[in-house]
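Values quoted throughout were computed directly from the atomic coordinates according to the rules given, and no laboratory measurement underlies them. All figures in this text were calculated on a predicted structure; none of them were measured in a lab. Here the Cβ positions follow ideal geometry from the backbone for every residue, glycine too, while neighbour counts run over all protein chains shown.
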Amino acid sequence: MLKHQAVAALALAAVAGLAVPAPAADGAAPIKVALLDMSATMGMGPMGQAMMAPWMMMGPGGMGMMGPGAGQGRMGMMGPGMSGGMMSIRIDRSTVKAGMATFDITNWSRSALHEVLVVAVDNPGAQLPYDYTKEAVAEDQVKVLGETKELPPNASEQLTVDLDPGTYLLICNIPGHYAAGMATPLSVTP
Ligand SMILES: [Cu+2]
């Protein structure tokens, strides 16, 4: 092979290498989780908006949290007596590899406590067992793999959990919050 051909081949290999993400990076990088409610988005100044990443704005259905109609859709799912605020958990990916996973969790609320529980589920679309007296998921009837403390506004916590392949939900179980929309699915592949 001529010398300039070898150099070109190396350059191509370097470009190809850059284009393909390293397999280990996805599983190893902390999973960013944002805990959001109306106070986190309403009246937000330019600085706040600049800090919000696009994945925080978009739900699994692709609808922006602040988009028209998003609130009505959520409100329609809430029964009487449920918490009135629109709340959500955003996650920067929907799938991770099995093994130790670290969640980098931030409460973006300006006024409310939030938390995260990692719950193993058979079907992420199914309703979790609910204690209507406590207005919360019945934690003794679900498989909780890990949970944060109750995070005040602007607080962060890193939570590391050993995840087997399967389906999980990240939920906030402060009274009323699960019913107000604070649950998001995560799928774990072998
Ligand atoms: Cu919450």
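For the pair residue 189 and residue 138, a Förster radius of 22 Å applied to the C-beta separation gives a FRET efficiency near 0.15, rounded to the nearest 0.05. In loop segments of the stretch 95-140 as defined by DSSP, the trypsin sites (Lys or Arg not before Pro) with at most 12 further C-beta atoms inside 10 Å of their C-beta are 134.
Taking 0.36 nm per residue of sequence separation and subtracting the Cα-Cα distance, how much length would be gained by fully extending the chain between residue 111 and residue 92, in nm to one decimal?
Values: separation 19, 0.36 × 19 = 6.84 nm, distance 2.32 nm.
Taking 0.36 nm per residue and subtracting the Cα distance, the gain is 4.5 nm.
For residue 155 and residue 120, compute 0.36 nm times the residue count separating them, minus their Cα-Cα distance, and round to one decimal in nm.
Working: separation 35, 0.36 × 35 = 12.60 nm, distance 2.50 nm.
Length difference between fully extended and current span is 10.1 nm.
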